[in-house]
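What follows draws every value from the coordinates through simple rules; no lab data is involved. Note that the structure is a prediction, hence the values are computed from the model and not measured. Positions of Cβ are backbone-derived with ideal geometry, glycine not excepted, and every protein chain shown enters the neighbour counts.
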C-alpha cells in the first residue's frame, strides 16, 4: 500500500481543514515546497497535492506552488483542485504531474471525464469522491450531489477507470480513524479498482487496518502535521 502525505494549499500556504469546512482552517506552514522536501528527505515517494482555492473557485489557482514542487522535488505527485479544462489537464501533465484527481467535473460533465481518460490515458486520472454518509459532495465539499459513491464509480468503471480516491468527510480532520466499512464495501464491489483511502487516519495501526483491506494507497494529512504520525516511521510499513 502506498503511503501518501497530503499538502492542501490555500493562498500559497500549507493548511488543513476540519471536515472540509473552510471556516475551520489551520495554517501549518507558509512554504508547501519546503514541507514536500521534508517528506522526500524521510524517504517518502508520493504526495497528494490539493489546491483548495481551486476546488472552491472551479479552476486551478496555485500554479506557482505546483511548479515549485515539481521543479524542486522528485516526488510522484497526484494533484486535485478545480481542474475543469483540457488546457489545465495538458498543463499539469506537461509539468510532470503523475495523476490528476477529478471530482466535481466527473459528476457535472461525466462525458468530458470519459473523453479525457480515453484521450490522455486513464492511468493519468483518479476519480476523486468526497463522501458524507456515502453521498458524494462537490465544489470543495460545499454542495451535495445526487449520487451515492457506489453509483458514481459504476458510471466510470466500464469506461476505463482504474483509480479512486475516496475521502470520508465525516472522518476528515477528526483523527478518529478511517471509515473502514466504507472502504470494505468499495473493495468488495470493485475488487480490481485501485482505491486510495483518505480521512481520519491518525496512527500506524489505522494504516495497517487499511493495508489489510488491500487498498492501493492511504492519504495522511492532519496526523502528520499534529505530530501523531512521524513521517520517518512510515517507511517501516
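Computed from the C-beta positions of residue 45 and residue 93 and an R0 of 22 Å, the FRET efficiency is 0.70 to the nearest 0.05. For the pair the stretch 178-223 and the stretch 79-157, the centres of their Cα atoms are 19 angstrom apart. Computed from the Cβ-Cβ distance with R0 of 22 Å, the FRET efficiency linking residue 133 to residue 154 stands at 0.75. Under the simplified labelling scheme, the residue 180-residue 123 pair shows an inter-label distance of 3.4 nm, with each label point 7 Å from Cα along Cα→Cβ. Over the residues of the chain, the helix contribution to mean residue ellipticity at 222 nm works out to -10000 deg cm²/dmol, using -39500 (n - 2.57) for each DSSP H run of at least 4.
A simple packing score, the average count of other Cβ atoms within 10 Å per residue, orders the peptides 48-58, 81-91 as 48-58, 81-91, with the highest score first. Looking at the chain, the DSSP beta bridges with both ends there are about 30 percent antiparallel. For the chain, relative contact order (Cα pairs under 8 Å, six or more residues apart, normalised by length) works out to 19 percent.
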